[in-house]
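Asker: The structure follows.
The values are calculated or read from the model by the stated rules, or taken from the named source; none is laboratory data. Note that the structure is predicted; figures quoted are calculated from it, not measured. For neighbour counting, all protein chains shown are included, and Cβ atoms are generated from backbone atoms with ideal geometry for every residue, glycine included. Keep in mind that these areas ignore ligands, DNA and RNA; they rest on the heavy atoms of the full protein, side chains included. Shrake-Rupley method; radii C 1.70, N 1.55, O 1.52, S 1.80 Å.
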Amino acid sequence: RPLLASSYKQSRLEIQNYASYDSVDRKKEYIFEKVKRLVYFAIKNVPFYTKYYSLHHFDPDSLKSFDDLERIPIVSKEILSKVELEERSCYKKGRYLSFTGGSTGEPFKFYSDPKQLGHEWAHFHKIWGNYGYKQSDLLLSISLEPNQNPILYDAMRNALVLNIHY
């Protein structure tokens, strides 16, 4: 899939670059820059973060180094669940509604970017590859989706999906 391929390749390259960094300081610098950009993006594009950071007197301009990241106010699922979906979301063309599995008793709604799947798979493949996984290997996936077949094959992920909702 075109969107997945480009985000997958980009994420694989980022993973390889990060692994090639020869010092902890360089890795911290990389993490710091990514998180700082994310904080600025959130403030600019998501109403919740603009208000939440202001309420907690957090100024993103105060982020000067990796150690400053601990000053970013923590946001939990509990906090976000009290905020309307659109208030805690960023508009993105092609976004789609996603849900957590509801392991806490309450599924959590959020929007996903279509490119996100490629990013996730790049990380999954890297991690699973450490244990001998190859992309051609069949996966077993567990699902809890109501009104879904008890067993189905997901060709996109080369996975056998076992629905234990029944």
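Asker: What's the magnitude of the charge dipole for the chain around its Cα centre, counting Lys and Arg as +1 and Asp and Glu as -1 at the beta-carbon? Answer in Debye, nearest 20. Write out the running numbers ahead of the final one.
Answerer: Details: 24 positive and 20 negative charges, 97 e Å.
Here the size comes out at about 460 debye.
Asker: Once neighbouring chains are kept in place and the probe is 1.4 Å, which whole percent of the accessible area of the chain is contributed by carbon and sulfur?
Answerer: Values: 6770 of 11930 Å².
For the chain, the apolar C and S fraction of the accessible surface comes to 57 percent.
Asker: Mind checking the per residue accessible area of region 44-166 for me, 1.4 Å probe, whole number of Å²?
Answerer: For region 44-166, the solvent-accessible area averages 72 Å² per residue.
Asker: Would you mind checking the tilt of helix 2-20 against the longest principal axis of the Cα atoms of the chain, expressed as 0 to 90 degrees and rounded to 10?
Answerer: Approximately 60 degrees, to the nearest 10.
Asker: For the charge dipole of region 77-149, defined by +1 on Lys and Arg C-beta atoms and -1 on Asp and Glu C-beta atoms about the Cα centroid, which residue among Tyr91, Thr104, Ser143 has the Cα displaced farthest towards the positive pole?
Answerer: Among Tyr91, Thr104, Ser143, the one farthest towards the positive end of the dipole of region 77-149 is Tyr91.
Asker: If I fit a long axis through the Cα atoms of helix 24-45 and take the longest principal axis of the Cα atoms of the chain, what angle between them do I get, 0 to 90°, rounded to 10?
Answerer: Once rounded, one gets 90 degrees.
Asker: Kindly give Rg over Rh for the chain, based on alpha-carbon atoms, with the Kirkwood expression for the hydrodynamic radius.
Answerer: 1.00
Asker: Can I ask one more? Scan region 111-146 for trypsin sites (Lys or Arg not before Pro) in coil per DSSP, keeping those whose Cβ has at most 11 other Cβ atoms within 10 Å, and list them by number.
Answerer: Listed in order of number, the matching sites are Lys134.
Asker: Let me ask you something else. Can you tell me which of 47-60, 76-89 comes out highest on packing, and rank the rest after it, using the mean Cβ neighbours within 10 Å?
Answerer: 47-60, 76-89
Asker: Once you have the Kirkwood Rh of region 47-112 from its Cα pairs, apply Stokes-Einstein at 20 °C and 1.002 mPa s and quote D in µm²/s.
Answerer: Stokes-Einstein gives a translational diffusion coefficient of 155 µm²/s.
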